[in-house]
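S.K.: Please see the structure below; I have some questions.
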Amino acid sequence: MTAPELDELVRRFDACELSRPEWTHEAHLSVGLWHVCRYRPEPALARLRIGIRRLNESNGVVNSATSGYHETITCAYVQLLARF
């Protein structure tokens, strides 16, 4: 993925314009890495918490204990991405 493509992916993520099928594991990691590189781990995590929940809701995905946003996985990914 080129830098402009990544910037566009993040813009679409922020605007809740990604469809559910577009919100792949690759997209998760790409958006996460972009945030970690721009904001450092803790601020990135705060932004991702909000952004992922908002995107899920915009796609009709319920954020609950069994679906949607998962805090433990998101925290682990941010830590791994920060080390990458």
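S.K.: Conditions: (1) aliphatic (A, V, I, L, M); (2) part of a loop (DSSP other than H, G, I, E, B); (3) modelled with pLDDT of 95 or more. Val78 meets all but one. Number of the miss?
M.R.: For Val78, the failing item is (2).
S.K.: Kindly indicate whether any position in the stretch 59-70 is touching a Ser or Thr at 6+ places or on another chain (Cβ under 9 Å), among the β-branched types (Val, Ile, Thr), without any contact (Cβ under 8 Å) to a residue 60 or more places away in the chain and crowded, with 17+ Cβ neighbours inside 10 Å. Show your work before the answer.
M.R.: From the stretch 59-70, those touching a Ser or Thr at 6+ places or on another chain (Cβ under 9 Å) are 59, 61; that's our starting set.
Remaining after also requiring among the β-branched types (Val, Ile, Thr): 61.
Checking the rest, the ones that are also without any contact (Cβ under 8 Å) to a residue 60 or more places away in the chain come to 61.
Filter once more, so that each one left must be crowded, with 17+ Cβ neighbours inside 10 Å: none.
Within the stretch 59-70, not a single residue is touching a Ser or Thr at 6+ places or on another chain (Cβ under 9 Å), among the β-branched types (Val, Ile, Thr), without any contact (Cβ under 8 Å) to a residue 60 or more places away in the chain and crowded, with 17+ Cβ neighbours inside 10 Å.
S.K.: Separate question: For the stretch 1-58, which positions are basic (Lys, Arg), touching a Gly at 6+ places or on another chain (Cβ under 9 Å) and not in a loop (DSSP other than H, G, I, E, B)? First the steps, then the outcome.
M.R.: Pass one, the stretch 1-58, residues basic (Lys, Arg): 11-12, 20, 38, 40, 47, 49, 53-54.
Add one more test, that the residue is touching a Gly at 6+ places or on another chain (Cβ under 9 Å), and what stays is 20, 53.
Correct list: Arg53 only.
S.K.: Looking at (1) touching a His at 6+ places or on another chain (Cβ under 9 Å); (2) open to solvent by 50 Å² or more (accessible area, probe 1.4 Å), which is the one condition that is false for Phe84?
M.R.: Failed condition: (1).
S.K.: Of the conditions (1) without any contact (Cβ under 8 Å) to a residue 40 or more places away in the chain; (2) open to solvent by 50 Å² or more (accessible area, probe 1.4 Å); (3) among the hydrophobic types (A, V, I, L, M, F, W, C), Leu29 satisfies every one except a single condition; which number is it?
M.R.: Condition (1) is where Leu29 drops out.
S.K.: Out of everything in the stretch 32-53 that is of a type in the set (Gly, Ala, Ser) and under 22 Å from Met1 (Cα atoms), what residue ends up being surrounded by the fewest Cβ atoms within 10 Å (Cβ to Cβ)?
M.R.: Step one: list which residues in the stretch 32-53 are of a type in the set (Gly, Ala, Ser), which gives 32, 44, 46, 51.
Those still in the list that are under 22 Å from Met1 (Cα atoms) too: 32, 44, 51.
Numbers: Gly32: 22, Ala44: 21, Gly51: 18.
Ranking the candidates gives Gly51 first.
S.K.: For the stretch 15-31, name all the residues that are farther than 13 Å from Leu81 by Cα and within 9 Å of the chain's Cα centre (by Cα). Step through it out loud before you land on a result.
M.R.: We begin by selecting, within the stretch 15-31, every residue farther than 13 Å from Leu81 by Cα; these are 15-25, 27.
Within the stretch 15-31, Trp23, Ala27 qualify.
S.K.: Take the conditions open to solvent by 80 Å² or more (accessible area, probe 1.4 Å) and either closer than 16 Å to Ile73 by Cα or modelled with pLDDT under 95 (or both) and apply them to Arg11. Does it pass?
M.R.: Working: open to solvent by 80 Å² or more (accessible area, probe 1.4 Å): yes; either closer than 16 Å to Ile73 by Cα or modelled with pLDDT under 95 (or both): no.
Spelling it out, it is not the case that Arg11 is open to solvent by 80 Å² or more (accessible area, probe 1.4 Å) and either closer than 16 Å to Ile73 by Cα or modelled with pLDDT under 95 (or both).
The values are calculated or read from the model by the stated rules, or taken from the named source; none is laboratory data. No experiment lies behind these values; they were computed from the predicted model shown. Quick reminder, even Gly has a Cβ in these numbers, built from the backbone with ideal geometry, and neighbours come from all protein chains shown. For the accessible areas, the whole protein counts, side chains as well, though only heavy atoms, and no ligand, DNA or RNA atoms are used. Shrake-Rupley method; radii C 1.70, N 1.55, O 1.52, S 1.80 Å.
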